[in-house]
Amino acid sequence: MIERQTRQAERQAVGGERPRLTERRASGVERPASVLVIGVGNPERGDDGAGIAVVRRLRGRVKRPASLLEVRSDVTRLLDCWGPSDTVVLVDATASGGRPGAVRRFDATTASLPARAFRPSSTHGLGVAEVIELARTLGRLPRRLLVVGIEGACFDAGCGLSAPVENAVRDVVGSVERTAGSGSI
């Protein structure tokens with residue numbers, strides 16, 4: 001009960017509160033497809049906060065009903081965030097050794113993510129790539145799952161977003177805002 005209330009309190013919705021997955025299952029009625037934008041990361045660890053920064057900057061800017069969600073720690077929570085009819089845009093920092101600020105987009109509905117780029121932020125947890133594969137194995141992927149990776153430079157505690165990541169966040173916000181508004185996600 002407390003975990004469900006915590007998840008509900010953490011949700012930030014544009015255009016209305018997102019129904020809990022348990023309510024959808026209990027009702028037996030599938031709600032219309034929706035767009036869910038999820039930012040993953042830790043804003044206290046430099047560029048790891050890129051996904052969170054995207055979601056925070058989208059607040060009040062997305063024109064069509066969409067839900068915005070921040071996931072800061074246990075990414076296994078993602079399994080409870082989306083439903084089978086949802087379109088999800090998930091934004092996270094990557095650490096693949098590429099050019100800082102580089103943006104890569106993946107359709108995770110049809111192919112696996114490169115696990116090397118989306119590493120777990122904890123030695124005790126799963127990363128985004130592993131959670132998406134778990135969802136695939138369990139048959140719990142959303143209708144469409146687009147993953148946007150922003151290559152980070154600095155993941156140290158206490159530093160802010162690096163300049164290349166700051167620029168990439170601005171570009172991703174504009175891209176998500178345009179595609180969510182047009183319905184072309």
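Can you find a residue that is modelled with pLDDT of 95 or more, under 15 Å from residue 47 (Cβ atoms) and exposed (fewer than 14 other Cβ atoms within 10 Å of the Cβ) anywhere in the stretch 93-110? Yes, that holds for at least one residue. Applying the set (1) farther than 22 Å from residue 35 by Cα; (2) at pLDDT 95 or above; (3) surrounded by fewer than 20 Cβ atoms within 10 Å (Cβ to Cβ) to residue 165 leaves exactly one unmet item: (3).
Taking (1) modelled with pLDDT of 90 or more; (2) within 19 Å of residue 41 (Cβ to Cβ); (3) touching a helix residue (DSSP H, G or I) at 6+ places or on another chain (Cβ under 8 Å); (4) not aliphatic (A, V, I, L, M) in turn, residue 120 satisfies each apart from (1). For the residues 59, 77, the requirement of being surrounded by fewer than 16 Cβ atoms within 10 Å (Cβ to Cβ) and among the basic types (Lys, Arg) singles out 59.
Any residue that is in a loop (DSSP other than H, G, I, E, B) and without any contact (Cβ under 8 Å) to a residue 12 or more places away in the chain - is there at least one of those in the stretch 156-170? Within the stretch 156-170, not a single residue is in a loop (DSSP other than H, G, I, E, B) and without any contact (Cβ under 8 Å) to a residue 12 or more places away in the chain. Of all residues in the stretch 136-155, those that are part of a loop (DSSP other than H, G, I, E, B) and in contact with a Pro (Cβ under 6 Å, 6 or more places away or on another chain) total 1. Pairs are defined by a Cβ separation below 6 Å, a sequence spacing of at least 6 or placement on different chains, a first member in the stretch 74-92 that is among the β-branched types (Val, Ile, Thr), and a second member that is part of a loop (DSSP other than H, G, I, E, B) and surrounded by 24 or more Cβ atoms within 10 Å (Cβ to Cβ); the pairs so defined are 88/82. Residue 104 fulfils the conditions (1) free of Cβ contacts under 8 Å to residues at least 12 places away in the same chain; (2) in contact with a strand residue (DSSP E or B) (Cβ under 8 Å, 6 or more places away or on another chain) except for a single criterion, (1).
Within the stretch 66-85, the set of residues being touching a strand residue (DSSP E or B) at 6+ places or on another chain (Cβ under 7 Å), more than 15 Å from residue 52 (Cα to Cα) and either at pLDDT below 90 or not in a loop (DSSP other than H, G, I, E, B) (or both) comprises 66, 77, 81.
The values are calculated or read from the model by the stated rules, or taken from the named source; none is laboratory data. Treat the numbers as computed from the prediction; the structure is a model and nothing was measured. Please note: Cβ atoms are built from the backbone with ideal geometry, for glycine as well, and neighbour counts cover all protein chains shown.
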